1. Can you name every residue in segment 94-113 that is among the small types (Gly, Ala, Ser), more than 20 Å from Thr42 (Cβ to Cβ) and part of a helix (DSSP H, G or I)?
2. Only residues that are surrounded by fewer than 20 Cβ atoms within 10 Å (Cβ to Cβ) and not in a loop (DSSP other than H, G, I, E, B): list them for segment 37-68, please.
3. In segment 74-113, how many are among the aliphatic types (A, V, I, L, M), closer than 14 Å to Ile62 by Cβ and surrounded by 13 or more Cβ atoms within 10 Å (Cβ to Cβ)?
4. Among the residues of segment 36-83, which ones are of a type in the set (Lys, Arg) and either in contact (Cβ under 8 Å) with a residue 60 or more places away in the chain or farther than 20 Å from Lys105 by Cα (or both)?
5. Which of the residues that make up segment 70-93 are farther than 14 Å from Val24 by Cα and either part of a strand (DSSP E or B) or modelled with pLDDT of 95 or more (or both)?
6. Inside segment 20-31, can you point out the residues that are at pLDDT 95 or above and either of a type outside the set (Ser, Thr, Tyr) or part of a loop (DSSP other than H, G, I, E, B) (or both)?
Amino acid sequence: MLFDSIASAQTAHRSSHHQVKKFVITAYSADEGGSHSKHCITASGRIAVAGRTIAAPSNIPIGTHLYIPALHRTYIVEDRGGSIKGNKLDLFVANAGQADRFGRKTLDVVVYA
């Protein structure tokens, strides 16, 4: 099953340069930390979008596409975070409730170069 998802992602991105790695993934939102702002400006300068934006460590360049087979979605590295180091990623979601429900998951991620 994972192979089929990875193969689909490879076809979708038409890239032969990729790595599959395990990451610990959490989620964050614009309304965490008491700001209740409608927008979250990312390290890339773009407004964070749920279902697109992901924060990754600095060894993964801004703009890199990350496909997460278990979530059936491709994210774009657009943000950084003080605690996002090593094998950690942080998904941007619509609200703090979704972030709490997401919790912490260890998942395979296809990293496209």
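The values are calculated or read from the model by the stated rules, or taken from the named source; none is laboratory data. Quick caveat: nothing in here was measured; it's all calculated off a predicted structure. Glycine gets a Cβ as well: all are built from the backbone with ideal geometry, and neighbour counts include every protein chain shown.
1. So in segment 94-113, the residues among the small types (Gly, Ala, Ser) come out as 94, 96-97, 99, 103, 113.
Within this subset, residues satisfying the condition of being more than 20 Å from Thr42 (Cβ to Cβ) are 97, 103, 113.
Result: Gly97, single match.
2. Ile41, Ile47, His65
3. Residues that pass the stated criteria total 5.
4. Across segment 36-83, the qualifying residues are Lys38, Arg46.
5. Passing the criteria: His72, Arg73, Thr74, Tyr75, Ile76, Val77, Glu78, Asp79, Arg80, Phe92, Val93.
6. Val20, Lys21, Lys22, Phe23, Val24, Ile25, Ala27
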